[in-house]
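K.L.:
Sharing a structure with you now.
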Amino acid sequence: MVDFTLWDILRNLLLAMRWTAALSAAAFVGGGLVGLALLLARVAGGRATRAAVSAYVQVFQGTPLLMQLFLAYFGLALLGVDVPAWLAAGAALTLYTSAYLAEIWRGCLEAVPRGQWEAADSLALSFSEKLRHVVGPQALRIGVPPTVGFLVQVIKGTALASVIGFIELTKAGTMITNATFRPFTVYACVALMYFVLCWPVSLASRRLERSLRRGR
Amino acid sequence: MTVRLDFGAVLVDWPLLARGAGLTLGLTAVAAVLGVALGVACARARTHGPAPLRAAVATYVEAIRNTPFIVQLFFVFFGLPSLGVRLEPAAASVIAMVLNLGAYAAEIVRAGLEGTPRGQVEAARSLALSEAQVFLRVVLPPALGRVWPALASQVVIVMLGSAVCGQIATQELSYYANLIQSRNFRAFEATLVATAMYLALAVAVRQALAWVGPRWLFGRAPGARR
């Protein structure tokens with residue numbers, strides 16, 4: 001019988017935390033790119049495109065992330081692709097993130113006063129020029145705090161990847177529990193590590209929001 | 001390569017799916033009532049309580065909001081037994097859902113409370129209402145009304161999050177989807193059907209809350225109960 005010290009537990013969890021961070025980063029960047037594409041499709045597209053994007057957003061916001069992960073995992077396997085857990089988790093989290101970010105950013109674009117669009121119109125700017133030089137920069141300023149805040153949701157969302165067998169922080173916690181029989185300590189440590197990852201991001205988001213409000 | 005889907009093999013087990021959806025709704029209903037109540041209590045404590053209580057509530061809120069629900073659930077279900085608290089899966093699920101919703105609801109309700117005009121509190125006090133009456137009859141109902149859409153969204157989020165509860169063998173919707181696919185190996189179809197059911201439940205819960213709120217919680221004049 002091997003004895004596990006607290007340090008053994010922490011060390012192994014810290015190693016697993018890298019995968020939580022990596023998956024979060026991948027999903028956030030990938031989701032940001034897809035989300036931007038969705039946003040542009042929604043702003044610039046015709047009525048059918050807008051409806052499609054809106055349906056996409058509603059489906060991803062109205063279903064459990066866990067089910068989305070299962071669908072990616074089983075669905076890709078169904079297509080004959082041999083899917084490793086990280087790929088299914090990355091794909092599902094990317095799509096999930098893109099839906100939320102597209103919606104958040106749409107709200108930011110709409111928060112820019114209408115007069116700004118009209119003023120840009122009166123300068124005979126094209127649609128892309130209006131977006132790039134007038135409305136976009138203002139929306140970007142409004143969009144930073146909620147986007148940073150959503151990163152917390154993404155980090156927490158990666159915990160569900162443990163269910164399809166991706167070994168990140170939560171899965172490592174389960175495995176260590178099975179070896180040490182100390183679930184209380186292990187899950188407390190796991191929670192603490194998520195907190196260490198998420199809390200600075202939460203604080204940053206709140207600070208950005210405050211400074212934005214002061215700047216007005 | 002052709003992909004052949006067979007939804008019939010899944011739908012034939014519809015009684016199981018219905019039972020699972022029922023428990024998902026039941027868990028959500030209990031969690032919504034207790035969680036919003038906990039959130040209101042925490043919001044009140046954070047705006048009016050003594051300093052140590054405020055700090056304790058702030059710690060609770062931050063701890064819950066910055067950790068994943070699945071870890072909270074595992075902590076309650078696997079961790080607490082070592083303190084001598086042994087829980088049924090469904091009980092552990094409800095506790096985790098209440099604690100989770102309570103923290104988010106506390107922040108939402110607090111935002112609503114902060115929007116109360118000072119004059120309303122002063123007017124209520126001048127009518128010699130007790131502090132409890134001022135809060136429960138004058139301040140709280142319109143505050144809930146102001147933030148009701150956000151609260152309803154949070155309840156839906158908690159319901160969707162409860163899919164994880166199947167992992168500790170709570171017999172809710174995702175649990176039965178998993179059971180069905182372990183019998184007939186139609187994993188994708190079973191998950192897709194369950195996902196569609198979650199979507200329908202989310203729409204239904206949102207509608208139900210939009211109906212319930214104005215009628216029972218903040219629609220009438222404060223104090224005018226049947």
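K.L.:
State the answer as a single residue: which of B:Ala90, B:Leu217, B:Ala190 lies farthest towards the positive end of the charge dipole of chain B, with beta carbon charges of +1 for Lys and Arg and -1 for Asp and Glu, about the Cα centre.
P.N.:
Final value for the positive-end residue is B:Leu217.
K.L.:
Let me ask something else about it. Please give the calculated 222 nm ellipticity per residue for the protein assembly as shown, where each DSSP H segment of at least 4 residues contributes -39500 (n - 2.57) and the sum is spread over every residue; nearest 500 deg cm²/dmol?
P.N.:
That comes out to -25000 deg cm²/dmol.
K.L.:
Moving to a separate point now. Could you sort A:192-201, A:163-172 so that the peptide with the highest average Cβ count within 10 Å comes first and the rest follow in order? List each step's numbers first, then the result.
P.N.:
Working: A:192-201: 18.0, A:163-172: 21.7.
In descending order of packing, they fall as A:163-172, A:192-201.
K.L.:
In addition: Once the stretch B:61-192 is represented by equal point scatterers at the alpha-carbon sites, with solvent omitted, what log10 I(q)/I(0) does the Debye formula produce at q = 0.10, 0.23 Å⁻¹?
P.N.:
Each listed q maps to, in turn, -0.50, -1.22.
K.L.:
What ranking do B:Thr24, B:Thr59 get, fewest neighbouring Cβ atoms within 10 angstrom at the top?
P.N.:
Values: B:Thr24 30, B:Thr59 10.
Going from sparsest to densest Cβ surroundings: B:Thr59, B:Thr24.
K.L.:
In sequence order, what are the phi-derived ³J(HN,Hα) couplings for the stretch B:194-211 according to the Karplus relation 6.51 cos²θ - 1.76 cosθ + 1.60 with θ = phi - 60°, rounded to whole Hz, with x for glycine and proline?
P.N.:
4, 4, 4, 5, 4, 4, 5, 4, 4, 5, 5, 4, 4, 4, 4, 5, 5, 7
K.L.:
Looking only at the stretch A:2-44, which residues have a backbone nitrogen under 17 Å from a spot 7 Å from the Cα of A:Leu212 in the C-beta direction?
P.N.:
A:32, A:36
K.L.:
Moving to a separate point now. Which shape class applies to the stretch A:88-128: rounded if a/c is under 1.5, otherwise prolate when a/b exceeds b/c and oblate if not, where a ≥ b ≥ c are the square roots of the Cα gyration tensor eigenvalues? Please report the intermediate quantities before stating the final value.
P.N.:
Values: a/c = 9.03, a/b = 2.90, b/c = 3.11.
Oblate.
K.L.:
Next question. Report the charge-dipole magnitude of chain B in Debye, nearest 20, computed about the Cα centre from +1 at each Lys and Arg Cβ and -1 at each Asp and Glu Cβ. Before the final figure, lay out the partial values.
P.N.:
On the way: 19 positive and 10 negative charges, 136 e Å.
With Lys and Arg at +1 and Asp and Glu at -1, about 660 debye.
K.L.:
Sticking with this structure for a sec: Given a Förster distance of 56 angstrom, what is the FRET efficiency for A:Ala41 paired with B:Glu131, based on the Cβ-Cβ distance and rounded to 0.05? Don't skip to the answer; put the middle values down first.
P.N.:
Values: r = 53 Å, r/R0 = 0.95.
Rounded to the nearest 0.05, the efficiency is 0.55.
K.L.:
What residue among B:Val57, B:Val138, B:Val71 has the largest mean-square fluctuation in a Gaussian network model of chain B, using Cα springs under 10 Å?
P.N.:
Checking each option, the largest mean-square fluctuation is seen for B:Val71.
K.L.:
Summarise the partner chain shielding of A:172-178 as one whole number: the mean count of Cβ atoms from other chains within 10 Å of each residue's Cβ. Before the final figure, lay out the partial values.
P.N.:
On the way: counts 0, 5, 4, 0, 0, 3, 0.
Neighbouring Cβ atoms belonging to other protein chains average 2 per residue here.
K.L.:
A further question on this structure: Filter the DSSP H helices in chain A by two things, a Kyte-Doolittle mean of at least -1.0 and an axial alpha-carbon span of 30 angstrom or more, and list the hits by number. Walk me through the intermediate numbers first.
P.N.:
On the way: long enough: A:6-44 (55 Å, 1.39); A:85-111 (39 Å, 0.80); A:183-214 (45 Å, 0.56).
Helix filter hits for chain A: A:6-44, A:85-111, A:183-214.
K.L.:
Now, a different point. For peptide A:155-165, compute the average count of partner chain beta-carbon atoms within 10 Å of each residue's beta-carbon. Before the final figure, lay out the partial values.
P.N.:
Details: counts 3, 8, 3, 1, 8, 7, 0, 5, 6, 0, 0.
What the average comes to for A:155-165 is 4.
K.L.:
A further question follows. Between B:Leu27, B:Leu192, B:Leu160, find the one with the highest GNM mean-square fluctuation for chain B; connect C-alpha pairs within less than 10 Å.
P.N.:
Maximum fluctuation in the GNM of chain B, among the listed residues, is at B:Leu192.
K.L.:
Mind checking the angle between helix B:89-114 and chain B's longest principal axis? C-alpha axes, 0 to 90 degrees, to the nearest 10.
P.N.:
Roughly 40 degrees between the two axes.
K.L.:
Any idea what angle helix B:173-184 forms with the longest principal axis of chain B, computed on alpha-carbon atoms, 0 to 90 degrees, nearest 10?
P.N.:
0
K.L.:
Which whole number gives the average, over all residues in A:194-205, of C-beta atoms from other chains lying within 10 Å of the residue C-beta?
P.N.:
On the way: counts 6, 7, 1, 2, 5, 5, 1, 1, 3, 2, 0, 0.
Mean partner shielding for this stretch: 3.
K.L.:
Let me ask something additional. Report the relative contact order of the stretch B:8-218, percent, no decimals, based on alpha-carbon pairs under 8 angstrom and at least 6 residues apart. Mind dumping the intermediate values first?
P.N.:
Details: 229 pairs, mean separation 64.7, N = 211.
Relative contact order comes out at 31 percent.
K.L.:
For the stretch A:6-214, calculate the relative contact order in percent as a whole number, restricting contacts to Cα pairs under 8 Å that are 6 or more residues apart.
P.N.:
Working: 215 pairs, mean separation 61.0, N = 209.
Rounded, it is 29 percent for the stretch A:6-214.
K.L.:
Taking only the Cα atoms of chain B, how large is their convex hull per residue, in Å³? Present the calculation step by step, with values, prior to reporting the outcome.
P.N.:
On the way: hull volume 36.3 nm³, N = 226.
Value for chain B: 161 Å³ per residue.
K.L.:
Have a look at the protein assembly as shown and give its Rg and Dmax from the Cα atoms, expressed in angstrom.
P.N.:
Using the Cα atoms of the protein assembly as shown, the pair Rg, Dmax is 23.4, 78 Å.
K.L.:
Sticking with this one: When the distances between all Cα atoms of chain A are binned every 10 Å from zero, what whole-number percent does each bin get?
P.N.:
8, 27, 29, 20, 11, 4, 1, 0
K.L.:
Given a Förster radius of 35 Å and the C-beta distance between A:Leu203 and A:Ala77 as r, what FRET efficiency does 1/(1 + (r/R0)^6) yield to the nearest 0.05? Don't jump to the answer; show the numbers that get you there.
P.N.:
Values: r = 40 Å, r/R0 = 1.15.
FRET efficiency, A:Leu203 to A:Ala77: 0.30.
K.L.:
Determine the shape class of the stretch A:1-85: with a ≥ b ≥ c the square roots of the Cα gyration tensor eigenvalues, call it rounded for a/c under 1.5, and otherwise prolate if a/b is greater than b/c, oblate otherwise. Mind showing how you got there, number by number?
P.N.:
Values: a/c = 3.24, a/b = 2.19, b/c = 1.48.
Here the stretch A:1-85 falls in the prolate category.
K.L.:
Classify the stretch A:95-216 from the C-alpha gyration tensor, please: rounded if a/c falls under 1.5, else prolate or oblate depending on whether a/b exceeds b/c.
P.N.:
Details: a/c = 5.86, a/b = 2.67, b/c = 2.20.
It is prolate, given that a/c is not under 1.5 and a/b is the larger ratio.
K.L.:
How far is helix B:51-65 tilted off the main Cα axis of chain B, in degrees rounded to 10, range 0 to 90?
P.N.:
On a 0 to 90 degree scale, this one is about 20.
Each value in this text was obtained by applying a stated rule to the coordinates, not by laboratory testing. Predicted, not measured: the structure shown is a model, and the values here were computed from it. No Cβ is skipped: glycine too gets one built from the backbone with ideal geometry, and neighbour counts run over all protein chains shown.
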